[in-house]
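Take a look at the structure set out below.
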Amino acid sequence: MGLRTTSPSYMLNCIPPEGAVPGPEIESRSAEEVQAWAYEQITERQLREVKAIRTEECDLRREYLNTAFTDLILELQEELNDLHQAQLYGDDNAEERERLRQRVEELKIRKAERLKELELMMKLTANLPDLLTEALIAPAPVATVEQLPSKGVPMRRDDEVEAIAMDVAMRYERSRGWTPTDVSRDGEHYDVRSEGSSGEKRFIEVKGRAQSGAIVLTGPEVDKLRQLSERAWLYVITFCKGERPRLRIIQDPISRLNPEMLYRQIQYLVEEGDWTRQGEEVEAPSRTEERGE
């Protein structure tokens with residue numbers, strides 16, 4: 001159907017147009033088609049996940065209820081048996097026996113009710129999701145990546161370069177004995193979350209250039225890197241299309257760099273002379289070296 005999910009935080013990178021923008025020629029989808037696709041691809045998966053969690057939760061509660069109620073009923077039943085035994089020896093306490101008998105029956109009823117509530121908790125259903133609104137997102141006018149952009153015109157990413165840069169960053173983290181995870185499509189506003197053996201973490205923004213030069217950060221990326229402070233890292237990979245890309249890593253980059261607004265608080269430019277003075281240049285193993293060939 002040509003649909004896919006994305007994080008709502010993607011909208012933070014978007015701004016309303018200053019004037020009329022011609023819409024692209026795309027196939028329109030009815031609300032019913034979108035709802036049906038969302039139900040199948042999103043709602044049903046969420047329902048399965050919730051059912052699995054609810055089943056585990058109910059199993060634990062059922063085990064606890066059975067144990068707690070059974071132990072309490074047995075304890076009261078033993079007291080009731082003692083009273084029946086005492087009655088045989090002339091020590092009759094009919095009022096206390098009746099009280100214990102009623103208490104035992106009440107507990108049995110409460111146990112059955114609580115177990116019935118657990119069964120109701122397992123009856124999960126899902127409705128069609130509501131379609132709240134629609135938005136058309138179109139690219140802004142762009143300057144090519146390897147040109148020096150003019151103020152007021154956003155730069156365009158090069159997907160091939162970015163893929164190479166991500167690969168270099170991931171290989172470098174693995175060479176350090178850390179475990180990197182690509183979160184670039186998760187709406188986190190950084191690209192890699194890497195964890196060391198003792199639990200320490202790096203939250204890494206990756207920027208790649210085909211040659212070298214200025215880099216661009218989005219507004220949400222700047223905010224996230226600032227928020228993460230010393231846990232944030234900027235990895236700049238240059239000469240991505242060459243035989244040996246170069247990697248510079250910078251900790252807590254926002255406190256060390258001077259991003260300059262490039263486009264309406266959406267993109268910020270960091271000059272080459274700025275980021276090359278910070279951090280350190282490190283070696284990332286090539287694919288061949290990583291495989292041990």
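All of the numbers you see were taken from the coordinates with simple rules; none came from a lab. What you see is a predicted model; the values in this text were computed from it and never measured. Ideal geometry is used to build each Cβ from the backbone, glycine not excepted, and the neighbour counts take in all protein chains shown.
Out of Y89, A232, S7, whose Cα points farthest toward the positive end of the dipole of the chain (charges: +1 Lys, Arg; -1 Asp, Glu; placed on Cβ)? Value: A232. The aspartates and glutamates whose alpha-carbon is closer than 14 Å to the alpha-carbon of K51, local same-chain residues fewer than 8 away aside, are D59, E119.
Does anyone have the angle between helix 219-228 and the longest principal axis of the chain? Alpha-carbon axes, 0 to 90°, nearest 10? With rounding to tens, the tilt is 60 degrees. Pairwise Cα distances in the range 31-121 exceed 15 Å in 71 percent of cases. Comparing Q102, V183, L257 along the charge dipole axis of the chain, the residue lying farthest to the positive side is L257, per the Cβ-charge model.
Quick one: net charge of R193's neighbours, Cβ under 13 Å, K/R +1, D/E -1? Could the numbers behind the result be given before it?
On the way: positive: R185, K201, R202, K224, R231; negative: E173, D182, D186, E188, D191, E195, E200, E205.
Surrounding charge for R193 is -3.
What chymotrypsin sites (Phe, Trp or Tyr not before Pro) in the range 37-105 are in a loop by DSSP, with at most 16 other Cβ atoms within 10 Å of the Cβ? All intermediate terms of the calculation are to be shown ahead of the outcome.
On the way: sites: W37, Y39, Y64, F69, Y89; in loops: Y89.
Answer in residue order: Y89.
Between helix 94-121 and the chain there is an angle of about 30 degrees, using the helix long axis and the longest principal axis of the Cα atoms. Can you tell me the orientation of helix 159-175 relative to the chain, as the angle in degrees between its alpha-carbon axis and the longest Cα principal axis, to the nearest 10? Orientation of helix 159-175: about 60 degrees from the principal axis. Pair-distance distribution P(r) for the chain, from all Cα-Cα distances in 5 Å bins starting at 0: 1, 4, 8, 10, 11, 9, 8, 8, 7, 6, 4, 4, 4, 4, 3, 3, 2, 2, 1, 1, 0, 0 percent. DSSP beta bridges confined to the chain are antiparallel in about 75 percent of cases.
Let me check I've understood the local charge: for K108, count other residues with C-beta under 12 angstrom from its C-beta, Lys and Arg +1, Asp and Glu -1. What total comes out?
+2
Scoring 73-81, 48-56, 25-33 by mean Cβ neighbours within 10 Å over their residues and listing the highest first yields 73-81, 48-56, 25-33.
Sorted by packing (mean other beta-carbon atoms within 10 Å per residue), highest first, where do 204-212, 178-186, 122-130 land?
Most protected by this proxy first, the peptides run 204-212, 178-186, 122-130.
Over all other residues within a Cβ to Cβ distance under 13 Å of Q227, the charged ones net out to -3, with Lys and Arg as +1 and Asp and Glu as -1.
Rounded to the nearest 20 debye, the dipole size of the chain about its Cα centre is 920 debye, using +1 on the Cβ of Lys and Arg and -1 on the Cβ of Asp and Glu.
So what is the relative contact order of the chain, in percent, for Cα pairs below 8 Å that sit 6 or more residues apart? Present the calculation step by step, with values, prior to reporting the outcome.
Details: 386 pairs, mean separation 44.2, N = 293.
Relative contact order for the chain comes out at 15 percent.
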